[in-house]
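Q: What follows is a structure written as structure tokens; I'll ask about it next.
The values are calculated or read from the model by the stated rules, or taken from the named source; none is laboratory data. Since this is a predicted model, take the numbers as computed values, not measurements. Cβ sites come from the backbone with ideal geometry, for glycine too, and all protein chains shown count toward neighbours. Side chains are part of the model used for accessible areas, which takes the heavy atoms of the whole protein and leaves out ligands, DNA and RNA. Shrake-Rupley method; radii C 1.70, N 1.55, O 1.52, S 1.80 Å.
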Amino acid sequence: MKEKKSGHQSNKEQDIQCEPVESQEADTANEEMLESEQVKSETVENSADRISELEKENTVLKDQYLRKVADFDNYRKRMIKEKQEAFDYANTNLLADLLDSLDNFDRALEADASDPAAIKQGIEMTKTQLVNMLESKYNLIGYGQKGDVFDPNIHEAIGSMQGAVTIPTCSEIYLKGYKLKDRVIRHAKVMVTMPDGSVEEDKTDTDSVSEETEN
């Protein structure tokens with residue numbers, strides 16, 4: 001009987017020893033669950049904060065973008081306006097300089113018609129003043145003199161005839177030509193005299209023509 005009692009006590013002791021182990025495992029599981037929930041909660045909070053930050057950044061960037069678009073549109077409109085104004089008023093300085101000549105022509109028309117010489121002198125003075133202004137301020141150069149060697153780059157032949165010349169020569173100037181610096185803006189309109197063979201060609205003249213053409 002005593003042995004049976006001893007065996008029964010042994011089983012109870014084993015049960016008592018198992019209970020604390022199971023309790024510890026349960027506590028550990030609960031702690032892990034709490035930690036997991038806490039981590040999830042912190043993750044959700046961090047995510048919410050991050051989303052809020054990104055939304056703020058997006059708002060700032062969107063505002064900056066809209067401002068830049070508006071600035072560029074204003075810049076584009078300003079450039080169009082300035083370009084149009086530059087085109088519309090490009091000749092302001094030239095026209096202002098021509099006003100003095102126009103005034104002088106008005107004075108010539110109002111002058112006493114009984115004195116043609118005075119009128120002619122006034123017109124000549126006005127022309128001189130106008131030409132000097134255009135040459136000095138705007139680099140306008142007039143050309144075309146009787147006897148010039150004909151150059152198709154700067155002369156326009158209105159007609160031609162045979163004559164006692166060794167090279168094509170401008171025998172009459174119908175309309176002067178003009179250059180703006182080195183660019184021809186109007187060709188001189190001329191009558192050209194072509195060699196008729198009565199005069200032998202001078203090599204010096206030929207070389208001179210070649211040099212002028214190259215220049």
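Q: Does at least one position in the stretch 115-134 carry a residue that is in contact (Cβ under 8 Å) with a residue 12 or more places away in the chain and acidic (Asp, Glu)?
A: No: the stretch 115-134 contains no residue that is in contact (Cβ under 8 Å) with a residue 12 or more places away in the chain and acidic (Asp, Glu).
Q: Exactly one of these conditions fails for ASP71: (1) open to solvent by 80 Å² or more (accessible area, probe 1.4 Å); (2) modelled with pLDDT under 90. Give me its number.
A: Every listed condition holds for ASP71 apart from (2).
Q: So, in the stretch 177-208, exactly how many residues are modelled with pLDDT of 95 or more and part of a loop (DSSP other than H, G, I, E, B)?
A: Count: 1.
Q: Restricting attention to the stretch 98-117, which residues are assigned to a loop (DSSP other than H, G, I, E, B) and among the small types (Gly, Ala, Ser)?
A: ALA111, ALA113, SER114
Q: Give me the pairs, please: first residue somewhere in the stretch 72-101 and under 19 Å from GLN129 (Cβ atoms), second residue anywhere and open to solvent by 100 Å² or more (accessible area, probe 1.4 Å) and part of a helix (DSSP H, G or I), beta-carbon distance under 8 Å, and either six or more positions apart or on two chains.
A: ASP97/LYS137
Q: Is it the case that ASN132 is closer than 23 Å to ILE185 by Cβ and polar (S, T, N, Q)?
A: Considered against the rule, which asks whether it is closer than 23 Å to ILE185 by Cβ and polar (S, T, N, Q), ASN132 comes out as yes.
Q: Okay, moving on. Which numbered condition trips up GLU53, out of (1) at pLDDT 80 or above; (2) of a type in the set (D, E, K, R); (3) loosely packed, with under 10 Cβ neighbours inside 10 Å?
A: Evaluating GLU53 over (1) at pLDDT 80 or above; (2) of a type in the set (D, E, K, R); (3) loosely packed, with under 10 Cβ neighbours inside 10 Å leaves (3) as the failure.
Q: Restricting attention to the stretch 145-175, and to residues there that are under 38 Å from the mean Cα position of the chain (by Cα) and not in a strand (DSSP E or B), which single residue is surrounded by the fewest Cβ atoms within 10 Å (Cβ to Cβ)?
A: Only one residue fits best here, namely ASN153.
Q: Moving to a separate point now. Would you mind stating whether LEU134 is closer than 27 Å to ASN104 by Cβ, open to solvent by 40 Å² or more (accessible area, probe 1.4 Å) and not polar (S, T, N, Q)?
A: For LEU134, the condition - closer than 27 Å to ASN104 by Cβ, open to solvent by 40 Å² or more (accessible area, probe 1.4 Å) and not polar (S, T, N, Q) - is not met.
Q: What number of residues within the stretch 114-131 satisfy the criterion of being open to solvent by 40 Å² or more (accessible area, probe 1.4 Å) and touching a Phe, Trp or Tyr at 6+ places or on another chain (Cβ under 8 Å)?
A: Qualifying residue count, the stretch 114-131: 1.
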